[in-house]
Structure formats: structure tokens, C-alpha cells
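Here is the structure we will look at, set down as C-alpha cells.
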Amino acid sequence: MKRILYILAIALSILACTDEIDKSNRYTFTGEAVADYMLNRSDKYSHFIDILKRAGRLSLLSTYGQYTLFLPDNDAVEKYVQEQDSIYHATKDSDNPVWTGVTSPLVEDLTDSMAVVLANTHIVEGSFSTSNLGEGSVAQWNFDNHYLGINYVVEGENYYIMINNYSRIMTRDEYVENGIIHTLDKAINPASFSLPEHIGRYNYFSLFSAALQLTGLGDSLLKYSDNLYVAPEKYSLCIVGGDLVPDNLVSVPEKKFYRYTAFVETDEVFRKQGIENIDDLVAFAEKWYGTEDRGNFESPRNALNKFVAYHIIEGEYPSNKIVPQGGQYEIHLGKKYPRFDYFETMQGTLMKVVKPYGTQDAANIYINYSKRKIPYNPELRHHLNVRLIETTEFTQADLRHSDFVQNALNGVVQPIDKILIYNEDEMVGNILNERMRFDFLSMMPELSSNNIRYKYSDNDFTIIPTDYCRNIKSNSNQFKIYKRNNGGLYFLDDLRPLGLFDFSFRLPPVPSRTYEIRFSCNMHDFYDDREAVVQIYIDNKVSGLPIDFRIGCLDQRIGWFADEETNDNGVEKDKQMRNRGWMKGPDSFNLMTGEYTERSIRGSLRRIVDRKYLSEGEHWIRFKNVSENTNFNSFMFDYIELVPLHIVSDPNKPEDRH
């Protein structure tokens, strides 16, 4: 255990103490670009130079911009090719042949297509020093449209950063004019297995893998990309104020990929609960999910099917992205309050994932973290506070797991330390018995599947086709939607429609009960006719009068105020605003500077929409622009809140400001 803690302490120190990183290998700026660095040392890097030339990528690394190159020297390329060739030939005549893309031990025999994959695998746009390579993944996709996994290996008093738990960084942080270079001991092994195939490769996941196949859910995880998707043309984007966004800041999704995240127990975790084989697992599932459609494992009503389906979410979430971490998020979200997000599972129910800052468990990430020491059902103590085991711990604490790689071709595997189940009573009375704040982009997993969400660059604008995400329905063709990064927003991004918008969001599948429904908005101090007048509908029924977002936040119909200008820190004014259908922003996250909370920012508001009983099944909230001014209208979608009625209706226990 001490060894594990030592490993984790070192891993954390990489992020926290950049001054302690070995600077002896850093390259002094000499005017070399990434390509020049290799070409000036061609005797050492000739193999990879040839791979880059064949892939048409060498010239890219000579251009203006910032790139991170994970660079294998000649020995590293040869070692990779020989190893992959050996795997191919050792398995090609077996029942489970492994296709590595390499069928010869000679580098010169690599196919052109494999050269393209290898070249793209080793390049990431942006400059990422080792201080930015936190556990989980590199922050952005590589040019092969995948995250590169990051974990650590400790040998004696030394630690090494691993890429995909395969390639070791040997020389760190070689700075050049257009980026940064890290050299490797082996070329990176690209992901080549679908998620269910990837899980099946590891004998310590054999029970979950068997259940995945028995239920047929593995077949639903084979999709990789939408071959019928046609990227829209990029158009000029004009934002509030009439400013034209520079073309280099505007992008469109060039492709549409499918990605998934699976939370998986090892066989050892199952054995601790007396589950030794698939029959035991079926019996366990029936205990919690009932016996409907017994034996028909492919039925969504079958217990084993429900059990497996609750382990899978759409979207690609390495451990450092399942809740936002690192970089700007640390300033913006802080560490005073738990950091969380909600996800819809393939079961059609919610899970909550939280990094519980402010508690003794803040070092870890949990699924369905309990606020109660004792669950309503005592047996659930083995199935709440389910911890995600990061790759470093998973591979180092038990050498049987030393070969584990988190990243598959179309998703990631998150090992967990307890058996995960969904229990409606416990979720209603405990886990989801709270104000639920959903970032709008969390309701659009396609954005996480396509490297659109969680980008670190500010003022990045991505045009989202109105049919790109299944949880959005467009009711008009007279508007455009774009996603924007911005340092003043909940998860540093929002969704903005422009024009005569009329579209609907599918609400998250919350447990059945009555909720207060409200959403975030941002308003000027003054009247601005470029903003929209919005009529809201819930399940196609009008909810209240149209909301005029043109009026300023100081207008008496809203009545924004500064807490410090009141005698009671704003308590009475809060009540008055609430009576008018408005609330100030939360105090649990800040502007990017870290100086001001959202509550203290003038114009940061929440609008109360309605109180509705949300039964089981789909529910949609519709936003229709009914403005008379059709030239230019804008609106902001940052987050939505669904609050159980008892939280907002007890005068003796008012809702907190977080």
C-alpha cells in the first residue's frame, strides 16, 4: 500500500510542482521547428522521418502553429515493429488472431496506411509539456482522432511517464519554435480493438466480458464512425456586438465518431461478493433488478441486461475528463465544493460521478457518492461510493494488471473497485436527492465523442449542425448553433443559437417526481434589443409568458443586487428576486481569474421556468425565439437545474447558494 501511495504522490507532484521537473533535457530555443529538430539529427530519427514523409506530415511540423510530438528514435521504431510482427505471427493461426497492422519485422515493409496511422498517432496539436500530462490522457486528441493515455511507472527512486502504458517517455520537454518534443523508448501502439474486444483481451475482466456478450450489448459498442455524415460548410460567424469571428477560431465537426465509456469490475471484485461465474452474476443481477424476461438476456427488461447497461455511457471520458480537471478548471471550479457531473447510462437511468472536494475522499473520483454514512438499504454499502481506479494504481498495485491500457479504438475502460448497480429508492432518497445541475453539453455526448468538449483554448467556436446530437430537435431552419469556450461559464463552455431559433432539448432521465426547472442566463446592465424574447414549452405545453432577455438585469422586473449593499447579505433580496422568477448565479464556481464567484457577477442569473412532475419516459424543453427583431438574436445555454420540490419549498431550510 505504501508503494501505491508513493506512486500516486509522484503522479500528483507532476501536476503540482512544475519547478521540480528535470530541466536538464530541455532544449534551448535555437530557431529549429519540430521537423528541423529531426532532420538535423537524421542519423537518429531517419525511420520516423520516413514514416512522416510517407504520411504527408513532415511538412506540417515545419509550419506555424504549436505541436507536441512524441518522437521514437530508430531503435524505438524497430523495437515496436518487431514486437508487433511477433504478436501477429504468434496469433494469426489461433482462434483469436491479433491484427496489429504489422506483418513484417522490417520498418521499410510498413504499409502506407500503417505509416499514416503511426505518424498521426504521435502528433498532438498544441504544446503539452510533461507538467500538463496528468493521469488519464493528453488533453486533446492526436491526429489519429484518439486520446493518448497517460500513466506512470515507478522503478526505484525514478518515475516514468507512460503513453498508452506501452511507450515510455525518455527525454522530456524538448522545446522548439513551433512546439515541444518528448522522445520515446518505443513507438506508440495505436488503439486497434473496439471497446468490447478490448475488454475481452484481459482475462481479469472475463466475467464482465462474458456478460457483455451474453446480453448482446457488446454488439451495440462496435460502431466507430458515421459514414453517412457530411460535414457542413464553415460559414462566417457573427456574434453579439456584430463582431465577425476570425475564421481561424471557427471550426465545424469534420467527422462524426461514436465513443463509449465502460465502468468495469475485475473478476476479483466479483469474487469478493461471492460471484465466481456467469450463473452467479445472473443470480446477483436478479436480486437487484428482478426476474422479468428471465433467460432472455438480450431483452432490456432482463436483469443481467440492466446490470451491464448501467455500466456503459455514451461519450469518451478518460479519468481526467469524466469530471473536468487540470489547467483552467482548477482556478474556475476551485476545490471548496464537490466537482460532479451526471451521465445517462445505456440503461436509460442516471449515474452521478463526483470528485468530492471538501471531504476526506477528495483524492479520488466516485460513482454515486453517498452523502449518507449509512444507505437507506444497508446492503447498498457495497455498491455506493464506487471508486474509479486510475491506470497507474491499477497497473502498479497488482502486477496481473500490468498490461492494462485504458484506451480502446472507440472508447475507454474505467476499472472500478465495487460492483456497480442502480437502485431507484436509493437514488431518489440519497444520491439524486439534491439540486441537480446539468451542464447543457453533458446532455450532448456526441460532443465528448468528437473532441469538441473540454477544449482548453479560450474563445474557440465550433458550429454544431442541428442534427448532430440526438438530444436536440430543431423546429426551424432559420438559426445556427455554435459551441463556445469561455472562462466565465460553468464548465468553461456553452451553447449559443443565433437567429430565429426554435429547438428542443431532451431533459435528463431523472427519477419520477416534481421538480423546479430553471436554467442559467446572462444579461446586460442595460436594455439590448440584440438579445432574444423566448417562449418556453415543456412537453409542448407553454410554460409561462415569454421571457424578455433584452431588459437589463437591474430592471425592476429582475432586480439584481450586490450582496454587500444589503444589511442581511442579500437574504431578503433573494426572496424578492425569486418571487419574480429569478435567482442570482451560484457561489460555487468563479470567473477564470478566481477573484469573483458567479453569484457576485452582475448579470449572472438563473431563470425559474416552472414546477413540473416528470414521470418516467422522455421529456423535452423547447426554446422558441419570438422576437420581432429578426436581424440578430442571441441566447446562452450554459446549464439547467432540476431541483426536487422539497428542497425549494421548506421555509425553515432555504436552499443553499452553491
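The values are calculated or read from the model by the stated rules, or taken from the named source; none is laboratory data. None of the values given here were measured: they were computed from a predicted structure. Heads up, the Cβs are rebuilt from the backbone with ideal geometry, glycines too, and the neighbour counts pull from every protein chain shown. Calculation scope for accessible area: heavy atoms of the full protein, side chains included, ligands and nucleic acids excluded. Shrake-Rupley method; radii C 1.70, N 1.55, O 1.52, S 1.80 Å.
Key figures
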{"item": "Qualifying residue in region 579-588 (condition: under 19 Å from residue 655 (Cα atoms), part of a helix (DSSP H, G or I) and open to solvent by 70 Å² or more (accessible area, probe 1.4 Å))", "result": "yes"}
{"item": "Yes/no for residue 607 being at pLDDT 95 or above and under 27 Å from residue 324 (Cβ atoms)", "result": "yes"}
{"item": "Residue selected from region 271-289 under the condition more than 32 Å from the chain's Cα centre (by Cα) and not in a helix (DSSP H, G or I), by the criterion surrounded by the fewest Cβ atoms within 10 Å (Cβ to Cβ)", "result": "274"}
{"item": "Strands (runs of 3 or more DSSP E) contained entirely in region 148-261, each with at least 2 residues that are over 23 Å from the mean Cα position of the chain (by Cα) and crowded, with 21+ Cβ neighbours inside 10 Å", "result": "167-176, 179-184"}
{"item": "Residue tally, condition at positive phi and either in contact with a Pro (Cβ under 7 Å, 6 or more places away or on another chain) or hydroxyl-bearing (Ser, Thr, Tyr) (or both), over region 399-457", "result": "1"}
{"item": "Tally of residues being open to solvent by 10 Å² or more (accessible area, probe 1.4 Å) and aliphatic (A, V, I, L, M) across region 406-433", "result": "2"}
{"item": "Selection from region 61-71 of residues that are part of a helix (DSSP H, G or I) and either open to solvent by 40 Å² or more (accessible area, probe 1.4 Å) or acidic (Asp, Glu) (or both)", "result": "62"}
{"item": "All positions within region 406-432 that are more than 20 Å from the chain's Cα centre (by Cα), modelled with pLDDT of 95 or more and more than 18 Å from residue 345 (Cβ to Cβ)", "result": "417"}
{"item": "Restricting region 48-60 to residues that are assigned to a helix (DSSP H, G or I) and either more than 18 Å from residue 118 (Cα to Cα) or touching a strand residue (DSSP E or B) at 6+ places or on another chain (Cβ under 8 Å) (or both), the residue that is most open to solvent (accessible area, probe 1.4 Å)", "result": "60"}
{"item": "Output for region 103-138, where each listed residue is touching a Gly at 6+ places or on another chain (Cβ under 9 Å) and modelled with pLDDT under 90", "result": "132, 134"}
{"item": "All positions within region 598-613 that are among the β-branched types (Val, Ile, Thr) and closer than 13 Å to residue 536 by Cβ", "result": "608, 609"}
{"item": "Tally, over region 293-331, of residues that are outside any loop (DSSP other than H, G, I, E, B), over 26 Å from residue 417 (Cβ atoms) and either among the hydrophobic types (A, V, I, L, M, F, W, C) or at pLDDT 95 or above (or both)", "result": "1"}
{"item": "Filter result (in contact with a Leu (Cβ under 9 Å, 6 or more places away or on another chain) and at pLDDT 80 or above) within region 212-249", "result": "212, 214, 215, 218, 221, 222, 224"}
{"item": "Pairs, first in contact (Cβ under 8 Å) with a residue 12 or more places away in the chain and farther than 22 Å from residue 380 by Cβ in region 268-297, second in a helix (DSSP H, G or I) and open to solvent by less than 50 Å² (accessible area, probe 1.4 Å), C-beta under 7 Å, six or more apart", "result": "278/207; 278/210; 278/211; 297/304; 297/305"}
{"item": "Any hit, region 312-320, residues being farther than 26 Å from residue 217 by Cα, surrounded by 21 or more Cβ atoms within 10 Å (Cβ to Cβ), touching a residue at least 24 places away in the same chain (Cβ under 8 Å) and in contact with a helix residue (DSSP H, G or I) (Cβ under 7 Å, 6 or more places away or on another chain)", "result": "no"}
{"item": "Residue list for region 321-341, restricted to those being open to solvent by 10 Å² or more (accessible area, probe 1.4 Å) and farther than 20 Å from residue 435 by Cα", "result": "325, 326, 327, 328, 330, 331"}
{"item": "Failed item in (1) under 21 Å from residue 341 (Cα atoms); (2) open to solvent by 50 Å² or more (accessible area, probe 1.4 Å); (3) among the charged types (D, E, K, R); (4) at pLDDT below 90, with residue 529 passing the rest", "result": "(1)"}
{"item": "Any hit, region 539-560, residues being of a type in the set (Asp, Glu), out of contact with any Gly (no Cβ under 9 Å at 6 or more places or on another chain) and modelled with pLDDT of 95 or more", "result": "yes"}
{"item": "Residue count for region 389-401, restricted to those that are touching a residue at least 40 places away in the same chain (Cβ under 8 Å), farther than 21 Å from residue 343 by Cβ and open to solvent by 40 Å² or more (accessible area, probe 1.4 Å)", "result": "2"}
{"item": "Options 342, 337, 317, 366: the member that is under 20 Å from residue 658 (Cα atoms) and either charged (D, E, K, R) or out of contact with any His (no Cβ under 7 Å at 6 or more places or on another chain) (or both)", "result": "342"}
{"item": "Some residue of region 84-98 being at pLDDT below 85, within 22 Å of residue 173 (Cα to Cα), part of a loop (DSSP other than H, G, I, E, B) and of a type in the set (Gly, Ala, Ser)", "result": "no"}
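Listed here are the residues, each with its yes/no results for (1) assigned to a helix (DSSP H, G or I); (2) open to solvent by less than 20 Å² (accessible area, probe 1.4 Å); (3) at pLDDT below 95; (4) farther than 23 Å from residue 155 by Cα.
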position	(1), (2), (3), (4)
348	no, no, no, yes
353	no, yes, no, yes
357	no, no, yes, yes
371	no, no, yes, yes
374	no, no, yes, yes
381	yes, no, yes, yes
387	no, no, no, yes
404	no, yes, no, no
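Quick grid of which residues meet (1) surrounded by fewer than 16 Cβ atoms within 10 Å (Cβ to Cβ); (2) at pLDDT 90 or above; (3) at negative phi:
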| site | (1), (2), (3) |
| --- | --- |
| 601 | no, no, yes |
| 611 | yes, yes, yes |
| 622 | no, yes, yes |
| 628 | yes, no, yes |
| 636 | no, no, yes |
| 639 | no, yes, yes |
| 646 | yes, yes, yes |
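Table: residues versus (1) part of a loop (DSSP other than H, G, I, E, B); (2) more than 30 Å from residue 645 (Cα to Cα); (3) charged (D, E, K, R).
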residue: 477; (1), (2), (3): yes, yes, no
residue: 480; (1), (2), (3): no, yes, yes
residue: 491; (1), (2), (3): yes, no, no
residue: 508; (1), (2), (3): yes, no, no
residue: 517; (1), (2), (3): no, no, no
residue: 520; (1), (2), (3): no, no, no
residue: 526; (1), (2), (3): yes, yes, no
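One line per residue, one yes/no per condition, for (1) within 21 Å of residue 51 (Cα to Cα); (2) open to solvent by less than 20 Å² (accessible area, probe 1.4 Å); (3) of a type in the set (Gly, Ala, Ser); (4) touching a Cys at 6+ places or on another chain (Cβ under 6 Å):
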residue: 73; (1), (2), (3), (4): yes, no, no, no
residue: 77; (1), (2), (3), (4): yes, yes, no, no
residue: 103; (1), (2), (3), (4): yes, no, no, no
residue: 112; (1), (2), (3), (4): yes, no, no, no
residue: 118; (1), (2), (3), (4): yes, yes, no, no
residue: 133; (1), (2), (3), (4): no, yes, no, no
